[in-house]
1. Using only the alpha-carbon atoms, how far is helix 159-179 inclined from the longest principal axis of the chain? Give it as 0 to 90 degrees, nearest 10.
2. Compute a Gaussian network model of the chain, connecting alpha carbons closer than 10 Å, and tell me which residue from Asn223, Asn27, Asn205 fluctuates the most.
3. Along the three principal axes, how long is segment 63-155 when you take its alpha carbons, biggest first, rounded to the nearest angstrom?
4. Just the number: Rg to Rh for segment 131-256, Cα atoms, Kirkwood Rh, two decimals.
5. What share of all Cα pairs of segment 10-53, in percent, falls into each consecutive 10 Å distance bin?
6. Can you give the log10 of the normalised intensity I(q)/I(0) at q = 0.17, 0.29 Å⁻¹, computed with Debye over equal Cα scatterers of segment 86-136?
7. Tell me, what is a quarter of the convex hull surface for the C-alpha atoms of the chain, in nm² with one decimal?
8. Relative to the longest principal Cα axis of the chain, at what angle does helix 118-136 sit, 0 to 90 degrees, rounded to 10?
Amino acid sequence: MRFLQTIAVVTGAGSGIGRAAAIRLANEGAKVILVGRTRKKLEETAEEINRMNKIPMAEIFTADCTDVEDIAELAEYVKQHYGDLHVLVNNAGGSRHSKILEITEQEWDYVQEVNLKSVFLVSKALGKIMIEGAQREERSRAIVNVASLSGHQAGAEIPHYSAAKAGVINFTRSLALELAPYGIRVNSVSPGFVETPLTEQGLKNDRFVRAIQRNTALQRVGNPEEIASVIAFAASPEASYMTGADLLVDGGWLIK
Ligand code: NAP
């Protein structure tokens, strides 16, 4: 139980990696605020968490992480209801596949906003609460940003996504430097190919799956729980001397 007496926010908690991360944190004792745009998906995650625990460990807050007003309301909610925040998982994200000549300005902006600007907006608004908390009480506090294998390597037909995720990795380092004096650690986790709604379509293609298996040292696609466990580690006091790091969880894709 690494997260007793811990208040955590997980964005994009209605599905995939965010859902698995929220479940993992809650099952280890955290009170988790689930953030996303679709209430129904968040309710499903909350129901699962609250069913598994004797006391309600999950609450939902619907917000668009690219919307500065929504995020201001989220920060106000966290402040009013809890007065402090110990763990923030910036997981919300999304991708589009297009060749460079087909990417519209609108698509470029969407991919930057959902993957990179959202991390900035949420870290700024909720980071303020974490800094204020750190000034009152010395204890483990951490931000974990979900980046991607695509932030480390070139990605054909996802240049906007690769650029945004590389941005998340370097934003993480910069934020880690700035928040270190408050004892707030900031790290990123970069998943490889993981079976979630984001990759569902692609993984229906047998040739694509075989190519992933061929190019991954562990010869398989990952599952959300295998990323959630690394997010939980980075968020926990066990990672107390780790900040500004990127944890690559790609089944050994990059070493092949
Ligand atoms: P997913 O199941 O589609 O989860 C993404 C979540 O983010 C959804 O629940 C979505 O819910 C939420 N979201 C999207 N836009 C949002 C916004 N503007 N504001 C608030 N929430 C928003 O996909 P996933 O694979 O778990 O992705 C999670 C993270 O892992 C993403 O950052 C993704 O880039 C990263 N990642 C995934 C893989 C992979 O192979 N799956 C690999 C590398 C990195 P709503 O639409 O209801 O808001």
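Every number here is computed from the coordinates shown, using simple stated rules; none is lab data. From a predicted model like this one, the values you see are computed outputs, not experimental measurements.
1. 30 degrees
2. Residue with maximal mean-square fluctuation among Asn223, Asn27, Asn205: Asn205.
3. Principal-axis extents of the Cα atoms in segment 63-155, largest first: 51, 28, 14 Å.
4. 1.04
5. Histogramming segment 10-53 at 10 Å steps yields 35, 60, 5 percent.
6. -0.60, -1.05
7. Working: hull surface 53.4 nm².
If I average the Cα hull's projected area over directions, I get 13.4 nm².
8. Long axis of 118-136 versus the principal axis of the chain: about 30 degrees.
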